[in-house]
1. Just to confirm my numbers, what's the Cα centroid distance between segment 209-270 and segment 138-183 in Å?
2. Where a ≥ b ≥ c are the square roots of the eigenvalues of the C-alpha gyration tensor, would you call segment 167-262 rounded, which needs a/c under 1.5, or, failing that, prolate if a/b is larger than b/c, or oblate?
3. At a 1.4 Å probe, what is the % contribution of carbon and sulfur to the accessible area of segment 115-269?
4. In debye, nearest 20: dipole of the chain around its Cα centre with unit charges on the Cβ of K, R (+) and D, E (-)?
5. Could you tell me how many degrees, from 0 to 90 and to the nearest 10, lie between the Cα long axis of helix 125-138 and the main elongation axis, the longest principal axis, of the Cα atoms of the chain?
6. Which ³J(HN,Hα) values, rounded to whole Hz and listed in residue order, are derived for segment 193-205 from phi using the Karplus coefficients 6.51, -1.76 and 1.60 in 6.51 cos²θ - 1.76 cosθ + 1.60 with θ = phi - 60°, glycine and proline given as x?
7. Can you compute the FRET efficiency between Lys333 and Leu43 using 1/(1 + (r/R0)^6), with r the Cβ-Cβ distance and R0 = 30 Å? Round to the nearest 0.05.
8. Between Arg269 and Arg143, with labels modelled 7 Å along Cα→Cβ, what's the label distance in nm to one decimal, could you check?
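The values are calculated or read from the model by the stated rules, or taken from the named source; none is laboratory data. Keep in mind that what you see is a predicted model, and the values were worked out from it rather than measured. In this analysis, Cβ positions are derived from the backbone assuming ideal geometry, glycine residues included, and neighbour counts consider all displayed protein chains. Protein only, heavy atoms only, side chains kept; ligands, DNA and RNA dropped before computing areas. Shrake-Rupley method; radii C 1.70, N 1.55, O 1.52, S 1.80 Å.
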Amino acid sequence: MPPPLPARKLAELPRPEEAQGSPRFLRDVLQGLDRPRKAVPSLWFYDARGSRIFQRIMALDGYYPTRIEHEILARHGSDIVAPFFGRGCTVVDLGAGDGTKTRLLLEPLSLRSPRFGYAPIDISGAALADVSARMASEFPRLRVTPVEAEYFEGLRALQGRQPGSLLVLFLGSNIGNLERAEAIAFLRSLRAALRPGDHVLVGFDLLKEVEVLRGAYDDPEGVTAAFNLNLLGRMNRELGADFDLEAFGHRATFDPVRPAMESWLVSRRRQRVRVAGRTFGFEAGEAIHTEISCKYREGDPSALAALAGFSEIGQFRDRRGWFVDALWRVNPK
Ligand code: AVJ
């Protein structure tokens, strides 16, 4: 046996065999960088660092969606959960974050619903444990069921084991990360995992002045840039890539056709990057597409509800009309 390498030497050897990244992350990155228009799916933003940076984005002056949706739920929370008063209800969180918004719905339920539960679904066990502990301590009667799974799998596991009907939350305009056809497919799968009497509350960020949109996806402190660049850092950490984070810049653009904000990582110079043993070339100015954040027109939420087989029973919006939380019900087939 050769003598063991000194520790420092070991640390210098980022070999693909050592990559701790999931096979799916590796596959998405290699496929995405092989395309003539390079792209990496936005779902990979959220490792522990990415989630922490996103918390900082939510506190930025320019990032209005979080604040506005909070305002909507603070004002209309009681109306939103009214269908469940006097009955059992389990609030299912798809992407709970720190639970700040969910709390605004659990409060009115705690006063008016005889049995109520809370079931956050997430693929990150650490995030689940945090939000579950917080909610359990705030609402002593609350029955908390954290589910470490993908969304639809988690929903199926919950069905029939919870008090009352489900109220599924998909807030924050997270749906905006999906292209229209993908959003319809996602909502249909959601519908298929639910039962008559279940409800969903979906957050939609509405189309508005482009300057406001731009201000939400770039900021003078560079927090959004750090969020986007963390995707490259994560490839370095988990896939043995050698991206120089200084050699790429964050850029947010508005596409008036979709319409959507889009995020990119733009190469500052001509360069080569290695990822898991493969080499990818970048021209100066060439970009990796990292995210779309769709912005919705007035009629879009109702149209999507109908296409996915839901009945819309209400829309709740802020005073300026910047954001909508749409409440949909699953009708008997
Ligand atoms: C969490 C997907 C809703 O698209 O607005 C924030 C993520 N990206 N700033 C969004 C994000 C850049 C955010 N979502």
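1. Computed from Cα coordinates, the inter-centre distance equals 29 Å.
2. On the way: a/c = 2.60, a/b = 1.56, b/c = 1.67.
Taking the square roots of the gyration eigenvalues as a ≥ b ≥ c, segment 167-262 is oblate.
3. Details: 3360 of 6540 Å².
Here it works out to 51 percent.
4. About 600 debye.
5. Tilt of helix 125-138: around 30 degrees.
6. Values, residue by residue: 8, 10, 10, x, x, 6, 10, 10, 10, 10, x, 10, 7 Hz.
7. After rounding to 0.05, the efficiency reads 0.45.
8. Taking the simple label geometry, Arg269 and Arg143 are separated by 6.2 nm.
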